[in-house]
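Chemist: Structure provided below as structure tokens; questions to follow.
Coordinate-derived values only; no laboratory data. Worth saying up front: this structure is predicted, and the values here are computed from it rather than measured. Neighbour counts are summed over all protein chains in view; Cβ atoms, including those assigned to glycine, are modelled from backbone coordinates with ideal geometry.
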């Protein structure tokens, strides 16, 4: 995974974008004011991350395991 930090743009980013080999995620998307040579303009700032497709598949797999374990815990506590 590559973290690009906080990115600012005049365009609202898609939450997820894919290419043939990579997946890019934008999170914590918030409106902001940007300075330009023409003055202030409205834009967005967000956290931006890049994954190779293999890294992203592993990330999804690990997330799914965490959800399954949490559900098992909830089910055990319900009994």
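Chemist: Would you mind stating whether residue 7 is in contact with a helix residue (DSSP H, G or I) (Cβ under 7 Å, 6 or more places away or on another chain), closer than 26 Å to residue 57 by Cα and assigned to a strand (DSSP E or B)? Give the steps one after another, and end with the answer.
Modeler: Details: in contact with a helix residue (DSSP H, G or I) (Cβ under 7 Å, 6 or more places away or on another chain): no; closer than 26 Å to residue 57 by Cα: yes; assigned to a strand (DSSP E or B): yes.
No: the conditions fail for residue 7.
Chemist: Now for a separate question. What tally of residues in the stretch 12-32 results from selecting those that are surrounded by 11 or more Cβ atoms within 10 Å (Cβ to Cβ), more than 10 Å from the chain's Cα centre (by Cα) and not in a loop (DSSP other than H, G, I, E, B)?
Modeler: Going through the stretch 12-32 one residue at a time, the tally reaches 3.
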